[in-house]
Amino acid sequence: MMFAKKKSAPTIDSLIGAGASVDGNLRFRGGLRIDGHVAGSVVAEDDPSAMLVLSESARIEGPVRAAHLVVSGTIEGPVQADDMLELLPGARITGEVRYRSMEIHPGAVVEGALVHLEGDRPALSLAVSQG
């Protein structure tokens, strides 16, 4: 074998197509690709391999959280990427962005605070576990 892959390609288990519109909160496991519009939260279940991919035509109005988040579309609301956030050209986020590691391509826009997540567990889980 001449070339070794660094990591396997993500598996997309579910798709919300460009003509689809979801009004309400959405929870998922595994991989989810959104090409349409979601008015509500989009949150991955407690799954360290959960990946959310937003195409150029995707629009989310509400909180977003996943381990790995790849954004080419628009998010209006707070965002948390527990592992990796990739902002591709055309990505537009309006709201606080919490991330462990991040890659920003030219043309991506963030209007809001960037907050680095530290430690072994995501910040939101720590807040919930106290008490």
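Read-outs throughout are calculated quantities, based only on the coordinates presented, and are distinct from any laboratory measurement. Note that the structure is a prediction, hence the values are computed from the model and not measured. Using ideal geometry, Cβ is built from the backbone for each residue, glycine included, and neighbour counts are taken over all protein chains shown.
Computed from the C-beta positions of Ile104 and Asp23 and an R0 of 30 Å, the FRET efficiency is 0.50 to the nearest 0.05.
Around Glu76, with a cut-off of 11 angstrom between Cβ atoms, what is the net charge of the other residues, counting Lys and Arg +1 and Asp and Glu -1? Taking every other residue near Glu76 into account, the sum is 0.
Mind giving me the FRET efficiency for Glu76 and Val115? R0 is 25 Å, r the Cβ-Cβ distance, nearest 0.05 is fine. Numbers along the way, then the final one.
Numbers: r = 18 Å, r/R0 = 0.70.
The formula returns an efficiency of 0.90 here.
Taking Cβ atoms as reference points and 15 Å as the exclusive limit, the residues near Ile93 contribute a net charge of -3, counting Lys and Arg as +1 and Asp and Glu as -1. Label region 51-117 by shape, choosing from rounded, prolate and oblate, from the square roots a ≥ b ≥ c of the eigenvalues of the Cα gyration tensor; if a/c is under 1.5 it is rounded, and otherwise prolate applies when a/b is larger than b/c, oblate when it is not. Note, shape of region 51-117 comes out rounded.
Computed from the C-beta positions of Asp13 and Met84 and an R0 of 22 Å, the FRET efficiency is 0.75 to the nearest 0.05. Computed about its Cα centre, the charge dipole of region 14-108 is approximately 40 debye, with only Lys, Arg, Asp and Glu carrying charge at their Cβ. Residues whose amide H comes within less than 5 Å of that of Glu96, counting only those at least five positions distant or on another chain, are Val79, Ala113 (H built at 1.01 Å from N in the peptide plane).
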